[in-house]
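Beneath this line is the structure, given in C-alpha cells, with notes to follow.
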Amino acid sequence: LIFNTLVLNTLLLSGISVLAQNPLITDQFTADPSARVFNGKIYVYPSHDIVPPEGEGRADWFNMEDYHVFSSEDLTNWTDHGVILDQKDVPWADPKAYSMWAPDAIEKDGKYYFYFPTRQKTAKDGEAGFSIGVGIADQPEGPFVPQERSIEGVGGIDPNVFIDADGQAYLYWSRDKIYGAKLKDNMLELASEPMIFEVPKKGHIEGPWLFERNGTYYLTYPHVANNTERLEYATSDNPMGPFVHRGVIMDESPTGVWTNHHSIVEYKDQWYLFYHHADYSPDFDKLRSIRADSLFFEPDGSIRKVEPTFR
Ligand code: FUB
C-alpha cells in the first residue's frame, strides 16, 4: 500500500497528471463514477478509495470512509467540492465500516437526492449487512443530510436511480443479481415489490445503470464473464423490463483489475462512458481511478464497443 501511495505521489509530482485526460482525478483515488448533468455542468459522484488508518478497515479490501463530488464543464478541468457525506454522520451505519461503496445522485423538484450503500450498525435485511440510504441537499455539491434510516426493503449495494419522462422514479441496486423497484414521490421509499433482472442468466452481475434513449431503456451492468468485470447491456421498452441481453460495452480489464463500475450520460450532444481502472495502483486493484471515454450508438440503437484510452 505504501508503494501504491508512492506511485501516486510520484506521478503527481512529475506533472504527468496535468497532461492526461484519463484518469480524470489525479490527487486522490476514485472509483464507481456516477455521472450526472445538473445546471449545465457534469457532476461525478464516485466512491473514494483510501488506505485506511493503521488498525482500521481491511488491508486487502475496498476501504472508503466518505464521498466527494467533482464537477466540470469540459471533462478535463475538474473542481473537487470536498466531502459531501462521511460514514460517521450516517445514523444507521457502522461508523467504522469503511464501506461507502458506489453511490448515485439525482434531482427532483429542486432537491438533490444522494443514494449510497454502506454496512448497517446491525445486519438485518442485507447480505453482509449492506443497505442503501439517501441524503438530501439543496444543491448538487451537497453536503447531503442523511435520513435516519436506510430504505426499507432494500438490502444490497450499487444504487442507481432513474426518473422517466412521466415523472416516475425507479431505484435499481445489486446483490449478486440486479434488482429494481418503483420509488414513491418522496424518493425515499419503495412503491413496488422489487423485481429481479437476470440478464445474463449466469455469473455475478452488479453495478446497474439504467438510461433511456429514443424510447429504449438500456440496463447496463458489469458482469464477471471470466475473471474480471466486463460491461454489458440489455434493452427493453419498459424501465421494469423484461430486458433482452444485447452485447458488450467494454471488454474485461487487460491488466486484471477485478471491478469496472460505470455510468453513461449525454453531455453537450456527446454520450460518454464513465468507468474506472487502477491507473495509479497497478499492483492493488482496490485503489482505483475514474476515467471517461466517448460512447457511440449505431443507427439501430446498439452500443458500439468502447476501447479504453490507456496512456
Ligand atoms: O467499490 C466497491 C464495489 O466495487 C462497488 O460497489 C462495485 O460495483 C465494485 O466496483
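The values are calculated or read from the model by the stated rules, or taken from the named source; none is laboratory data. Quick caveat: nothing in here was measured; it's all calculated off a predicted structure. Ideal geometry is used to build each Cβ from the backbone, glycine not excepted, and the neighbour counts take in all protein chains shown.
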Please indicate, with yes or no, whether at least one residue in segment 88-99 is within 15 Å of the ligand (Cβ to nearest atom), among the small types (Gly, Ala, Ser), at pLDDT 95 or above and not in a strand (DSSP E or B).
yes
Residues of segment 273-308 being within 16 Å of the ligand (Cβ to nearest atom) and among the acidic types (Asp, Glu), in sequence order, are 279, 285
How many residues does segment 26-45 hold that are away from the ligand (no atom under 15 Å from the Cβ) and either in a loop (DSSP other than H, G, I, E, B) or aromatic (Phe, Trp, Tyr) (or both)?
6
By residue number, the members of segment 263-292 that are touching a residue at least 60 places away in the same chain (Cβ under 8 Å) and acidic (Asp, Glu) are 266, 279, 283
So the check is Cβ under 6 Å with 6+ separation or different chains; which pairs have a first residue in segment 293-305 that's in a loop (DSSP other than H, G, I, E, B) and a second one that's hydroxyl-bearing (Ser, Thr, Tyr)?
301/216
Just to be sure I understand, how many residues within segment 46-74 are touching a strand residue (DSSP E or B) at 6+ places or on another chain (Cβ under 7 Å) and either over 24 Å from residue 144 (Cα atoms) or part of a strand (DSSP E or B) (or both)?
10
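Sort out which residues of segment 139-154 are assigned to a loop (DSSP other than H, G, I, E, B) and either in contact with a Ser or Thr (Cβ under 6 Å, 6 or more places away or on another chain) or surrounded by fewer than 21 Cβ atoms within 10 Å (Cβ to Cβ) (or both), and write them in order of number.
Residues of segment 139-154 assigned to a loop (DSSP other than H, G, I, E, B): 139-144, 147-154.
Listed by number, the residues that qualify are 139, 141, 143, 147, 148, 149, 150, 152, 153.
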